[in-house]
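Engineer: Dropping the structure in here first, questions after.
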Amino acid sequence: MKRFLPPALLLCAWTAIGSPARAQAIVHDPVSYASLVQQAQTALNELEQLKSQVTQATRLADGLATNSNVNGLASSLASPALRAFVPDIDLFMAAAKGDLTALGQIGQQAATIRQANRLYTPAATDAAGQDLEQAGNRAARDLAFGQQTTTTGASRLTGLQQLVGALDTAATPRAVLDLQARLTGEQAMIANDQMRLQGMAMTQDAEARVQAQRAQERVAADNAALLALYKSSFQ
């Protein structure tokens, strides 16, 4: 014999079965699902940006670690003729006394200039003539040194232009940094040479004043000797 449940129990059972279905519908709400998708897309974009930054950092590190071979550029700037074209001050002053060969290439050029312009060779015992000889040596020395300075400046300019031009084609950040450091070093060398040239100019000026003083003293000495001779003739 079949037994039927009371209507009240049937209603409770239907309510209990329907509740999970409503809960399932809330979990899969379309708005919440779209928000999750948007968050995932944002996270993916951030990951791609991070990967790009890592790639750029890796390239930068590789570029900084790669040898730029910048010292192979403008090798003429490292030649002794450019690095030490200003002579030693003692040798420079000694050249006025006839030791022109001590100045190397500048001395050889000075000797050629002196010989080409010589019109008179004084005797070794002629004091006034020796002063004149030294004045001629200084003039030849200074002319040769001026010519050498001009030639050196032109050669250095060519090398500096090569370094500056290389900045436009530098392949890596390391190459740019090395070129900038090289140019800074060259500027320091130029500043040092300028200071030495100023000292050389002061030396040249002092030599001229010493020579003028000697000439005045010689005139004074000759006058004093003549006066003494004149006075002695009356004794």
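For (1) loosely packed, with under 12 Cβ neighbours inside 10 Å; (2) more than 15 Å from Leu82 (Cβ to Cβ); (3) without any contact (Cβ under 8 Å) to a residue 24 or more places away in the chain, each residue gets a yes or a no:
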site	(1), (2), (3)
Thr149	no, no, no
Ser155	no, no, no
Gln162	no, no, no
Ala166	no, yes, no
Ala170	no, yes, no
Gln180	no, yes, yes
Gln187	yes, no, yes
Arg196	no, no, no
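Engineer: If you don't mind, there's one more thing I want to ask. Which one of the conditions (1) outside any helix (DSSP H, G or I); (2) in contact with a Leu (Cβ under 9 Å, 6 or more places away or on another chain) does Thr169 fail to meet, given that it meets all the rest?
Structural biologist: So the condition that Thr169 fails would be (2).
Engineer: Let me ask another. Out of the range 171-194, which residues are hydrophobic (A, V, I, L, M, F, W, C) and over 13 Å from the mean Cα position of the chain (by Cα)?
Structural biologist: Hits for the range 171-194 are Ala171, Ala175.
Engineer: Collect the residues in the range 127-138 that are within 39 Å of the chain's Cα centre (by Cα), farther than 11 Å from Ala95 by Cβ and free of Cβ contacts under 8 Å to residues at least 60 places away in the same chain, keeping them in residue-number order.
Structural biologist: Result: Gly136, single match.
Engineer: OK, next. Does Thr150 meet the test of being part of a helix (DSSP H, G or I), among the hydroxyl-bearing types (Ser, Thr, Tyr) and farther than 17 Å from Ser75 by Cα?
Structural biologist: yes
Engineer: May I ask you to list the residues in the range 178-235 that are among the β-branched types (Val, Ile, Thr) and under 30 Å from Gly129 (Cβ atoms)?
Structural biologist: Thr203, Val210, Val219
Engineer: Still on this structure, please answer the following. I'm trying to understand the selection: among the residues of the range 198-207, which are of a type in the set (A, V, I, L, M) and free of Cβ contacts under 8 Å to residues at least 12 places away in the same chain?
Structural biologist: Passing the criteria: Ala201, Met202, Ala206.
Every read-out reported here was derived from the displayed coordinates using simple, explicitly stated rules and does not represent laboratory data. Nothing here was measured: the structure is a model prediction, and the numbers come from that model. A quick note on method: Cβ atoms are made from the backbone with ideal geometry, for glycine too, and the neighbour counts reach across all protein chains shown.
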